[in-house]
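A short write-up of the structure that comes next.
The values are calculated or read from the model by the stated rules, or taken from the named source; none is laboratory data. Values in this document were obtained by computation on a predicted structure and should not be read as measured data. Counting neighbours? That spans all protein chains shown, and the Cβs are built from the backbone with ideal geometry, glycine included. Only protein heavy atoms, including side chains, enter the accessible area calculation; ligands, DNA and RNA are left aside. Shrake-Rupley method; radii C 1.70, N 1.55, O 1.52, S 1.80 Å.
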Amino acid sequence: QVQLVESGGGLVQAGGSLRLSCAASGRTFSTYDMGWFRQAPGKEREFVAQITWGGDRTYYADSVKGRFTISRDNAKNTMYLQMNSLKPEDTAVYYCCTIDFPATGLRTTPNGYRYWGQGTQVTVSS
């Protein structure tokens, strides 16, 4: 199986930047597409970004396009989310996720992924 651990969250002012990391362990050779979701208090878990195994394709929610960049380094078993121009509405717990089977296309719902990290808190103050 695959274990995922997020890190890099914190408190920043609006307009600031953070870089989140997601470290994978276990059967990392089985980590195909990976993604980032976020969940604010009282809200549903929301799609943020997705990246294919080779990193050749990325997908973003409209709310973060142009501000966030997803990437991965398979040699380091790590995925990243660079977040720039942060807004208060970006405040949420951010979760990384992955699937252990080949797939294609956009996966924007939580049930499209099998393995999840425990989340890291991002708070953006005005």
Please enumerate the residues belonging to region 1-31 that are in a loop (DSSP other than H, G, I, E, B) and out of contact with any strand residue (DSSP E or B) (no Cβ under 7 Å at 6 or more places or on another chain).
GLY15, GLY16
Mind checking which residues of region 53-63 are buried (at least 16 other Cβ atoms within 10 Å of the Cβ) and either out of contact with any Leu (no Cβ under 7 Å at 6 or more places or on another chain) or outside any strand (DSSP E or B) (or both)?
TRP53, TYR60, ALA61
I'd like the residue in region 30-46 that is over 10 Å from TYR94 (Cα atoms) and in contact with a helix residue (DSSP H, G or I) (Cβ under 9 Å, 6 or more places away or on another chain) and, out of all such residues, is surrounded by the most Cβ atoms within 10 Å (Cβ to Cβ).
GLY35
Hey, among the residues in region 1-27 that are open to solvent by 30 Å² or more (accessible area, probe 1.4 Å) and hydroxyl-bearing (Ser, Thr, Tyr), which one's modelled with the lowest pLDDT?
SER25
When you scan region 52-73, how many residues do you find that are over 18 Å from PRO110 (Cβ atoms) and among the hydroxyl-bearing types (Ser, Thr, Tyr)?
4
Restricting attention to region 72-95, does a residue exist that is open to solvent by 50 Å² or more (accessible area, probe 1.4 Å), in contact with a helix residue (DSSP H, G or I) (Cβ under 7 Å, 6 or more places away or on another chain), among the polar types (S, T, N, Q) and in a loop (DSSP other than H, G, I, E, B)?
yes
